[in-house]
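Asker: Take this structure first; my questions come after.
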Number of protein chains: 2
Amino acid sequence: MLTDFLAGPELQAFAIACATSFAASALADEGMWLFNAPPLKQLKEKYQFEPTPQWLEHLQKASVRFNSGGSGSFVSANGLVITNHHVGADTLQKMGDAQHNYLRDGFYAKTQADELKSTDLELNVLMSIEDVTARVNGTVKPGMTSDQASSARNAAIAAIEKESKEKTGLRSDVVTLYQGGAYHLYRYKRYDDVRLVFAPEQQMAFFGGDPDNFEYPRYDLDICLFRVYENGQPAKIDHFLKWNSHGPSDGELTFVSGSPGKTDRQLSLAELADTRDRYLPYVLSMFYRREVLELAYSARSFENARKARDDLFGDQNNRKRYDGYLAGLLDPQIWSALKAREQKLRDAIARDSKFKSTISAYDRIKRAQAEIAKDAPLYNYLEQERPITIGYRGPRALSGNLFKYARLLTRAIEERAKPNGERIPQFRDSARESLELELFSTEPIYDDYEILRLTDSLTDFASQFGADNPLVQKVLAGKSPHARAVELVAGTKLKDVAVRKDLYHKDAAALQAAHDPMIDVARLVDGPAREARKIYDAQDEIKKQAYSEIAKARFAIGGASSYPDATFTLRLSYGRVRGYEQDGKQIPAFTDFGGLYQRSAEHDNKPPFDLPQRWIDKKTNLNLTTHFDFASDADIIGGNSGSPVVNKANEFVGIIFDGNIQSLVLDCVYTDTQARAISVDSAAIIEAIRKVYDASALADELEGVTK
Amino acid sequence: MLTDFLAGPELQAFAIACATSFAASALADEGMWLFNAPPLKQLKEKYQFEPTPQWLEHLQKASVRFNSGGSGSFVSANGLVITNHHVGADTLQKMGDAQHNYLRDGFYAKTQADELKSTDLELNVLMSIEDVTARVNGTVKPGMTSDQASSARNAAIAAIEKESKEKTGLRSDVVTLYQGGAYHLYRYKRYDDVRLVFAPEQQMAFFGGDPDNFEYPRYDLDICLFRVYENGQPAKIDHFLKWNSHGPSDGELTFVSGSPGKTDRQLSLAELADTRDRYLPYVLSMFYRREVLELAYSARSFENARKARDDLFGDQNNRKRYDGYLAGLLDPQIWSALKAREQKLRDAIARDSKFKSTISAYDRIKRAQAEIAKDAPLYNYLEQERPITIGYRGPRALSGNLFKYARLLTRAIEERAKPNGERIPQFRDSARESLELELFSTEPIYDDYEILRLTDSLTDFASQFGADNPLVQKVLAGKSPHARAVELVAGTKLKDVAVRKDLYHKDAAALQAAHDPMIDVARLVDGPAREARKIYDAQDEIKKQAYSEIAKARFAIGGASSYPDATFTLRLSYGRVRGYEQDGKQIPAFTDFGGLYQRSAEHDNKPPFDLPQRWIDKKTNLNLTTHFDFASDADIIGGNSGSPVVNKANEFVGIIFDGNIQSLVLDCVYTDTQARAISVDSAAIIEAIRKVYDASALADELEGVTK
């Protein structure tokens, strides 16, 4: 499954520079384009297609961002939203309990009264984009140091967001594009009353499990349907996608509208080398560790397995995904291409005297990255180097929901006392509602599972810095990791939402007076954590400025007709439905239901290739030649999970849910030789909903059948 | 399961100093005693039991060491040997193929003609012990440097082993005890025609799987039976254990005779801190990584799962075991006790002017350990820091059987050209037969699995040192880890035993001329690997000498009545069958068959709590009150797996197979508060063999029933 991304302003810090292509055919279907700078020229030249402004506006406003880390779209006038099962899984997990295993069993609300409210899900719909580059950059005065410039820009951004929020009532985020090449204000309509309508069994959504993940051919019904409510009623939606029950044809031009999380396409070679040799091994070591921990815990009982299900799923997915990315970076052919791409630009910069000072930007990035690497252990264990996954569970040293709440409370109160423009982005006024949604989540807390995670992360912390390290000793407070975890989990009152709400509205003195052990430990590590963040941010600012100089030179040399690296904001991609060749064999674009039953039979219907009983019983109902999943060469990445695939008529023909193994290098470079986006076909969805799940009311709503 | 240990002379380097007790009750059942220095005084005082020399000789010669890493014993006059299933698992894996899944299905040879010859199993029976301390130390002349002293001792040891081997025909190993406090020559009768007689399904041997591993109560039939042959006929055995079909009673004194692998009970606090903060996190990272790799591979198909089964089993076992040891070292109560133990001895040394120079030994160890830590990355990736597990699969950078063969061939030929006394111990004349058994193993080689492991280990290597590291680049030869692994595995001829045999008898020039890519890469890394080994060995020698000085001071101060740290040589432990208290609850010493069925039912008979169909069908045959597993406070550690448990009459009453979670600190300290050794009861074994497996001929042979 595509890796999902943390939402929120935190992510913006990681957007970098604009991208160019390589390793793709001459007129490749490359690019994650801005809706206010769509690839009109490319579409006209290659496909003789000219989307109108109305066409674009409709698709934009029918697109929905899941702030838990994915994409989706409206598919009915009554607020129905479709996304991937693996995007909804986080919510299915949080809504479950010992009696309700929605991930395993699936869910269908026959009537609206049966629809289940999610614990803390926020959906965003992009309503407008405004270029605020001049205002942001205008605050930077000649003679300012880079620190001063950074503060001035941050203050301007915070002010713009606050103003806009107050004026329009919309969530307002200033997005940094092309690394300071542009700043755009994105205004979103927020929905936070989101209710579950339908989910298949995870077994069907993720048929083939880890072995088939990021592979093709595939047979997955990776979908999940929610409904947004306003004032207790289903929201009325003007822009929703018309359902096409036939799906796309082979070779057909399709569009993908979603929020790709983060790409590295303009990272310097030095930073990519650090990603390859340090960062990816680091995150992989974390995922290996977590996967083993969660598997061992899950094997103890069915209930444990239920509690850890979504974490395990996410960690396995990330492990496979980053493993693939690392393999790409260790491939000398890819590396040479990346090297050549940088060299070409460096040569062009060197030839142009206008950019005399720019050439040093590469060295500045390299030095700053080296400083970040030095700071990384503390930063990673106490803060987090990059937001990489959904389901943020506190920093590596202190994993778990309870510490997360303690951290959010401590920081929220401390940051609130500062001027809006000087706060960590997550705590700005404009982000308040999102913060409160997270902090006051009704997600269940399991003591044993919290203790497990905290014990393991404290052990990991002690291993990283040594048990004699003074900070480690302070955190452990003279106890073993396990004893300390038990003490913290048993002693904290933060399990109770009311306690969190109460403390949130108080001040730092009250927080201290609470003597809550989890808050005390959050306060204890806050100083060193902020210190590590400060070092990181300072070096990151140096990198940003250097990347921005390079971006400007690139514009000047190659023209600005390009798309920025992904920033978990709405983008338009396009591509044809296409198979590919692998090991001399042609992999067709489509799979069908018949293939599903065949693959299951090949594995004796054993996990992870087992079919839910319902699918065995209903086999005869199904047209086995119905297209199930399909491949296309659209340019997508994690965060695009759940993105609608539409045809030229703007009809819903499928939903993105994965990329194949060959697509795992799309982080740093686009290629269409073998890399493919993988979608569920709209034909399969409607067939399954009607004939396997007997959810005719839902199918009727999707197909616009009025009774 | 107890972690098993690599056999062979390599291990001797890790034996260190003698041990004293703590955290155990006044007259604790502590100690892994030498058969030539048994705990006669303790047994007499506490238990009024005085074993005779004949009693001891009988037990010694009925005990069998499995050089794949465990213990066992003779249980019939016709060469029948019983050990743990998890000790035999390595062999069951190697003997299997796509049509024969002995691990899953078990095995029973109804007649001797059906007994299956193992691929490379070597068993050793200790025939005599001779103190050669004077001769070894006598070669060290006054004024020698520590390097010269070390060389002199090594040469003396090699000469003694060679002489003894030539004179007696027995395998002859000089064992370093009390870290130079003593050198003993151990002479073994070797058996290398070892045939499989009986194994239950792994499901029953390891019922409860990873969740129940190292836990108690348990319900495991962790046994496996082999028969040793000489000249194509079952060997005639004088010393075998008489079977007791009733098992022991609660509180009964029992003895354990086996080969504990390695203990750390006399490590200095500085070295233990390095174990805690660096070494254990390092090995755990390796086991996490391997476990994930093997699980992901296994999930793809039943055949993959079969091929990786024993590796996965071993890596999960090690992960849980080292995780427990680390938790022990991170427990401040345990750490304080270790600290106090060292401080007490340091104070005593400081008070005695005779040992003026000894006090600096602690600092010398600390400095040497710091050098070892610096050298560790290269040493670990190209050699191996400590032999920790069965199934050695090459160094971390180059994992797999094919590289292992290339390494053994390269080294065997190079070392052969040196004088016997200067060789790496594994390649001394006295170890030749064991080396050849390993090198000419008929273990099946699976290309895809070799490629998987090699790809992963090369990726790990590149991540550890960086892809731009010159040695990494040489090893990868301009290819991605996967492409390089494919090239090496496809190109090598070492899969063929005949090729290995042919090359083994040639010289270095012939090896070079073979142009075998796997041999070429082994030759390529041999220089840096030996360099890393040299640094390691030099520092290790400094440590040895320092530990030896401390050991002498301890003898002088506290008397010599103690046992040395474990060295994977035969030891005698003793203890009572005893339950323990945990979380205020009394855990009884015994479990029974009834408990097995109950535990399986609690988990809906789902893996890893599922029963083989045979056990479900035969339930009514069984006396459900039959004792199944039992706990005792004998002092054991990895390597003791499969050790016979005997009563005062020297009858077989059980077989050690595990320790509980609380026993995982026994590496560094004995405690009998909760730590327990776990055994299968002889009553359960005979009941299961007769009534579930219908193996009456085998049961008759065990019970000495003549027909």
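Each reported figure results from applying straightforward, stated rules to the coordinates on display, with no laboratory input. As the structure is a prediction and not an experimental result, all values here were calculated from the model. FYI the Cβ positions are ideal-geometry reconstructions off the backbone, even for glycines, and counts take in every protein chain you see.
Asker: Among B:Gly594, B:Pro607, B:Gly579, which residue has its Cα furthest toward the positive end of the charge dipole of the range B:514-624, with +1 on Lys/Arg Cβ and -1 on Asp/Glu Cβ?
Answerer: So the residue we want is B:Gly579.
Asker: Stick to Cα atoms and the Kirkwood definition of Rh, then tell me Rg/Rh for the protein assembly as shown.
Answerer: Here Rg/Rh amounts to 0.99.
Asker: From Cα coordinates alone, what are the radius of gyration and Dmax values for chain B in angstrom?
Answerer: Here Rg and the maximum Cα pair distance are 24.5, 75 Å.
Asker: Okay, moving on. What list of ³J(HN,Hα) couplings, whole Hz, do you get for the range A:117-130 from phi and the Karplus terms 6.51, -1.76, 1.60, once you set θ to phi - 60° and write x for glycine and proline?
Answerer: Coupling constants for the range A:117-130: 6, 7, 6, 6, 8, 10, 10, 10, 10, 6, 9, 7, 10, 10 Hz.
Asker: How crowded by other chains is B:474-487, given as the mean number of beta carbons from other chains within 10 Å of each beta carbon?
Answerer: Shielding by partners across B:474-487 averages 2.
Asker: If every alpha-carbon in the range B:379-470 counts as one equal scatterer, what log10 I(q)/I(0) does Debye give at q = 0.16, 0.20, 0.23 1/Å?
Answerer: -0.75, -1.06, -1.23
Asker: Determine the relative contact order of the range A:269-555: mean sequence separation of Cα pairs under 8 Å and six or more apart, normalised by residue count, in whole percent.
Answerer: About 23 percent, as a whole number.
Asker: Among A:84-96, B:120-132, what's the highest-first ranking by average C-beta atoms within 10 angstrom per residue?
Answerer: Per-residue mean Cβ counts within 10 Å order the peptides as A:84-96, B:120-132.
Asker: Continuing with this model, one more query. In percent, how large is the relative contact order of the range A:432-568, given Cα pairs closer than 8 Å and 6 or more residues apart?
Answerer: 20
Asker: Highest mean first, how do B:137-148, A:447-458, B:527-538 rank when packing is the count of other Cβ atoms within 10 Å averaged over residues? The partial results should precede the final answer.
Answerer: Working: B:137-148: 11.6, A:447-458: 21.8, B:527-538: 17.4.
The most tightly packed comes first, giving A:447-458, B:527-538, B:137-148.
Asker: Next question, about the same structure. For A:Tyr188, A:Tyr504, A:Tyr405, what's the fewest-to-most ordering of other Cβ within 10 Å of each Cβ?
Answerer: With the fewest neighbours first, A:Tyr188, A:Tyr504, A:Tyr405 line up as A:Tyr504, A:Tyr188, A:Tyr405.
Asker: Once the label point is set 7 Å along the Cα-to-beta-carbon vector, what list of distances in nm do you get between B:Lys117 and its counterparts in the other copies?
Answerer: Listed shortest first, these distances are 7.5 nm.
Asker: If you place +1 on the Cβ of every Lys and Arg and -1 on the Cβ of every Asp and Glu, how big does the dipole about the Cα centre of the range B:269-556 come out, in debye to the nearest 20?
Answerer: Dipole of the range B:269-556, to the nearest 20 debye: 900 debye.
Asker: Between B and A, which B residue has the Cβ nearest their rotation axis, distance in Å?
Answerer: B:Tyr288, 2
Asker: Note down the relative contact order for chain B as a percent, whole number, built from C-alpha pairs under 8 angstrom at least six residues apart.
Answerer: So the answer I get is 27 percent.
Asker: Which entries of A:Lys606/B:Lys110; A:Lys619/B:Lys618; A:Lys189/A:Lys691; B:Lys117/B:Lys307; A:Lys474/A:Lys544 have Cα-Cα distances beyond 26 Å here?
Answerer: Over 26 Å Cα-Cα: A:Lys606/B:Lys110; A:Lys619/B:Lys618; A:Lys189/A:Lys691; A:Lys474/A:Lys544.
Asker: Neighbouring Cβ atoms within 10 Å as the yardstick, rank A:Leu382, A:Leu345 fewest first.
Answerer: Working: A:Leu382 25, A:Leu345 20.
With the fewest neighbours first, A:Leu382, A:Leu345 line up as A:Leu345, A:Leu382.
Asker: Could you list B:Val665, B:Val692, A:Val489 so that the one with the fewest beta carbons within 10 Å of its beta carbon is first and the one with the most is last?
Answerer: Numbers: B:Val665 23, B:Val692 20, A:Val489 26.
Sorted ascending by nearby Cβ count, the order is B:Val692, B:Val665, A:Val489.
Asker: Follow-up. Determine the shielding of peptide A:202-211 by partner chains: average, over its residues, the number of Cβ atoms on other chains within 10 angstrom of each Cβ.
Answerer: That average works out to 2.
Asker: I'd like the distance separating the alpha-carbon centroids of the range A:518-557 and the range A:226-303, in whole Å.
Answerer: Spelled out, the Cα-based centre of one part sits 24 Å from the other.
Asker: Additional query: With r defined as the distance between the Cβ atoms of B:Thr673 and B:Met144 and R0 fixed at 35 Å, what FRET efficiency is calculated, to the nearest 0.05?
Answerer: 0.15
Asker: Still on this structure, please answer the following. Is there a simple number for the mean count of other chain Cβ atoms within 10 Å of the Cβ of residues in B:288-300, and what is it?
Answerer: Mean shielding count: 6.
Asker: Lys/Arg Cβ at +1, Asp/Glu Cβ at -1, dipole of chain A taken about the Cα centre: which of A:Thr671, A:Ile685, A:Tyr229 is farthest positive-ward?
Answerer: A:Thr671
Asker: Moving on to the next point. From zero up to wherever the largest Cα-Cα distance of the range A:269-555 sits, split into 10 Å bins and tell me the percent of pairs in each.
Answerer: 6, 24, 31, 23, 12, 5, 1
Asker: 222 nm [θ] for the protein assembly as shown, helices only, -39500 (n - 2.57) per DSSP H run of 4+, per residue, to 500?
Answerer: Dividing the helical sum by the residues of the protein assembly as shown leaves -14000 deg cm²/dmol.
Asker: Label points 7 Å out from Cα along the Cβ direction at A:Gln233 and B:Lys534: separation in nm?
Answerer: 8.5
Asker: Sticking with this one: Kindly give the distances from A:Gly558 to its copy-mates, label point to label point, with each label point 7 Å from Cα along Cα→Cβ, as nm values to one decimal ordered shortest first.
Answerer: For A:Gly558, the inter-copy label distances come out at 7.0 nm.
Asker: Continuing with the same structure: Run the simple label-point estimate for B:Ala348 and B:Ser285 please: 7 Å along Cα→C-beta, distance reported in nm.
Answerer: Result: 3.9 nm between the two label points.
Asker: What is the distance, in nm, between label points placed 7 Å from the Cα along the Cα-to-Cβ direction at A:Asn78 and at A:Arg614?
Answerer: Modelled inter-label distance: 1.9 nm.
Asker: Gain in length, B:Glu433 to B:Arg135, computed as 0.36 nm per residue apart minus the alpha-carbon separation, to one decimal in nm? Please report the intermediate quantities before stating the final value.
Answerer: Numbers: separation 298, 0.36 × 298 = 107.28 nm, distance 2.55 nm.
So the extension gain works out to 104.7 nm.
Asker: Starting from the amide H of A:Asp131, placed 1.01 Å from N in the peptide plane, find each other amide H under 5 Å away whose residue is 5 or more places distant or on another chain.
Answerer: A:Leu185
Asker: Oh, and also: Which distances, shortest first and in nm, link B:Arg416 to the matching position in the other copies, using label points set 7 Å out along Cα to C-beta?
Answerer: Label-point separations across copies, in nm and ascending: 7.9.
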